[in-house]
Structures are given as structure tokens and as C-alpha cells.
1. On the basis of being modelled with pLDDT under 95 and either surrounded by 15 or more Cβ atoms within 10 Å (Cβ to Cβ) or among the charged types (D, E, K, R) (or both), does residue 119 make the cut?
2. Of all residues in the stretch 118-143, which are assigned to a loop (DSSP other than H, G, I, E, B), among the hydrophobic types (A, V, I, L, M, F, W, C) and in contact (Cβ under 8 Å) with a residue 24 or more places away in the chain?
3. When residue 158 is evaluated against the numbered criteria (1) more than 15 Å from the chain's Cα centre (by Cα); (2) more than 19 Å from residue 37 (Cα to Cα), which criterion, by number, is the only one it fails?
4. If you take the residues in the stretch 66-114 that are in contact with a Ser or Thr (Cβ under 7 Å, 6 or more places away or on another chain) and part of a loop (DSSP other than H, G, I, E, B), which one is modelled with the highest pLDDT?
5. So, of the residues in the stretch 184-201 that are in contact with an Asp or Glu (Cβ under 8 Å, 6 or more places away or on another chain) and not in a strand (DSSP E or B), which turns out to be nearest to residue 137 (Cα to Cα)?
6. Any idea which of (1) closer than 22 Å to residue 91 by Cβ; (2) modelled with pLDDT of 95 or more; (3) not aliphatic (A, V, I, L, M) is the one residue 156 doesn't satisfy?
7. Tally time: how many residues in the stretch 203-225 are aliphatic (A, V, I, L, M) and in a loop (DSSP other than H, G, I, E, B)?
Amino acid sequence: MKTSLKLLLSVFILVVIFYSCDKPENSELETKSEQEIVYQTTNRELVLQRSVEAIRNSDDEISNHVDSIISGYSNADIISTGEKSFNLDRDSILDISFDIIDLNHYNTNLPDTLDSLAARVHPLNIELLDNSTWGYPDALEFNEEINENGHWDSHENNVLGTFLGIGEFGISSGERYLGIRFNRDGHYNYGWIKLYCSQHNDTLIIIDFAYNTVLDSYIKAGQLE
């Protein structure tokens, strides 16, 4: 009888050990299966013409806006594309906006040899990866990891590219990734926005974006799933 009880107890202990070792593995699998990368294309283009003749011969929204300023039919005194805003995370709040402005309004002493335009980004309900700490966000390469590391900020005005090679996106003059994150009560969803900024900062294309719905989980620049 004692032998049978000992055998039964041994079997019970083995079963307990088996399930206790197996449980974390199953939990990890469940967590991974819940991960979701939200991805969306945008392909919105901002172009600021600097030729008055070209502006007046164009019929797009931006050219009409600038033409109204030049012709004196608008009270605005800054030549700009106007801000283009985006809601990235499926709620009712705008998260980020972009524009291109002419810096001659702020500094009339700029030499003619310098590009006077600035492509900018404005975080509305989001933070940007900016290791310059001065409002010049990082222009990330494909597959760079975006996580809690680095300096995150929400400056009102951030320069992507302007004269003298200021702004990392203007320097690259190609497709690069802007690191972003959403603050969820002290936890974060990390993501990226792919941008194209022209060499002279007169064209900015917001190509697509993605973010990881799992809080505090990294994402790689360009990652789709």
C-alpha cells in the first residue's frame, strides 16, 4: 500500500513540474500571436513652387494658396504649403502634420545662392525620435530598430531639411524613416513614417507608415508584419 502511495505521489509531482514548466512557454506564444503591425500607405505629396510664373500656371491646391498670397488676396504673409495632417492610430485625434515654408519671411538677408525653403514636421499627439535634441529628427535607414532608446521629444516645429544641409532628411535626399511613438499612459506604441525629401526641400512625400500595437515592443524601420 505504501509503495502504491509513493508511486502515485511521484506521478503527481511529475505532472505538476511538467505543467509549471510548460506554462510560460504557452504564455509567450500567446503574447507573440497578439502582436500586430498596423500598416497604411498615404503617398501624399507637398510641393512648394518657387517660380511665380509656374505657380500662376498651376491649378493645384497648394499653388492656388501661394498664388493668393502673391496676388494679395490672402491675409497670410508666409508662403507655405499649409499643414497636411494625419491621424495614424485609428482614433479621432490628429497625430502629426507636415508643411514646407519659405524662410525669407523670417530672414530677408538670406543669400540668393541658398535654398530658402524648409520642410517641417509637427507632432500633434505623438513623439519623434530626435537624437539631435534640437528639433532635427533622425532620418533612419531601412531595418533600424525603433525602441525606447534615444531621445524622444515633441517639439512643436521640427526641421526635416533646409539650407546648408540642416535637417537629416534633406541631407539624405531620398527615402528615409521617421521614428515615432504614441504615449499610452507611460507606455508606448513604436512606429515609423517613410518620407522623401528633395535636395532643395521643395518636395516632401509622405509615403507610408506603420506601428506596433503591442505596448513597449520595438519595430524596425520599414517593417510591415
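The values are calculated or read from the model by the stated rules, or taken from the named source; none is laboratory data. Quick caveat: nothing in here was measured; it's all calculated off a predicted structure. All Cβ positions, glycine included, derive from the backbone under ideal geometry; neighbour counts span all protein chains shown.
1. Here the answer is yes, as residue 119 does meet what is asked.
2. Initially, the stretch 118-143 is screened for residues assigned to a loop (DSSP other than H, G, I, E, B), giving 124-126, 130-139, 141-143.
Restricting the remaining residues to those that are among the hydrophobic types (A, V, I, L, M, F, W, C) gives 124, 126, 134, 139, 142.
Passing the criteria: 124, 126, 139, 142.
3. (1)
4. Step by step, filter the stretch 66-114, then rank; the result is 94.
5. Ranking the candidates gives 201 first.
6. The number of the failed condition is (2).
7. So the answer is 4.
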